[in-house]
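Have a look at this one.
Please treat every number below as a calculation from the coordinates, not as lab data. In this text, all values refer to a predicted model and were calculated from it rather than measured experimentally. Note that each Cβ is placed from the backbone with ideal geometry, even for glycine, and that neighbours are counted across all protein chains shown.
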Amino acid sequence: MPKGLARVLAVLVFLLAPALLLACSREASVARSVSSTGAARVSIPSQVLGLQVSQEDVRGKIEEVQRSYLSAAGLFSLREGDLLRATLQVGRFNRSARPSEPSFQRSIIGLMGASVPEEITIHQVGGDRTLIETTVYATSGTDQNVFVWFGERTMYVLSVHQDYLFPRTLLRRLVQLDVQL
């Protein structure tokens, strides 16, 4: 496995696995950069489809990873009461990454989940009434559905517990929000 992909995997492991164990911070709905390279912010509503959205503090985990393809990242928990239903990771790629290349995307997607990824296309109408298509890769892990999609320099990873009744509705809503770093 190329060193760069191993670094991406390390970042994802540090972000996704602890997300299921972290206590909810319930502070703000804006994530700040968790890397030392920027003061990026992620803006997301405090509620999405009735789920409370909270920023998770993963700075210590990210700072342990050296030479990652991510220059900044934010992690959110989505809860129904005290029950964690989903997590959303938003990561901004640095200049070394090639997120627009399909081979780079496939390499990252191949590191996630236990099943062969399925391509889903989300359609929405833009402000200028043009059709916007977003390709999302769906896979599954232990007791969760994992959805991955890419922006110009951004990657999104949505992990939804398998007991949540509306995972694709949540996915569509988050894609429509166009969360940016």
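Given the peptides 154-166, 93-105, arrange them by the average over their residues of other C-beta atoms within 10 Å, most packed first.
On the way: 154-166: 18.3, 93-105: 14.2.
So the peptides 154-166, 93-105, ranked by packing, come out 154-166, 93-105.
Can you give the charge dipole size of region 71-181 about its Cα centre, rounded to the nearest 20 debye, using +1 on the beta carbon of Lys and Arg and -1 on the beta carbon of Asp and Glu? Display every interim value, and only then the final one.
Values: 11 positive and 11 negative charges, 58 e Å.
Dipole magnitude for region 71-181 comes out near 280 debye.
How large is log10 of I(q)/I(0) for region 99-158 at q = 0.16, 0.27 Å⁻¹ when the intensity is taken from the Debye formula with one equal scatterer per alpha-carbon?
Normalising to I(0) and taking log10 leaves -0.54, -1.15.
I would also like to ask the following. For a protection proxy built on the mean count of beta-carbon atoms within 10 angstrom, sort 128-134, 75-81, 45-51 highest first, please. Each step should come with its number before you reach the end.
Numbers: 128-134: 9.7, 75-81: 19.9, 45-51: 14.0.
Highest to lowest by the protection proxy: 75-81, 45-51, 128-134.
Quick one: what does P(r) look like for region 138-181 with 10 Å bins over all Cα pairs, in whole %?
Bins of 10 Å from zero give 28, 53, 19, 0 percent of pairs.
Residue separation times 0.36 nm, minus the C-alpha to C-alpha distance between S43 and I132: what's the value? The partial results should precede the final answer.
Details: separation 89, 0.36 × 89 = 32.04 nm, distance 2.09 nm.
Additional length available on full extension: 30.0 nm.
On to the next question. Calculate the all-directions average of the projected area of region 62-165's alpha-carbon convex hull, and give it in nm².
Working: hull surface 34.1 nm².
One quarter of the hull surface, i.e. the mean projection, equals 8.5 nm².
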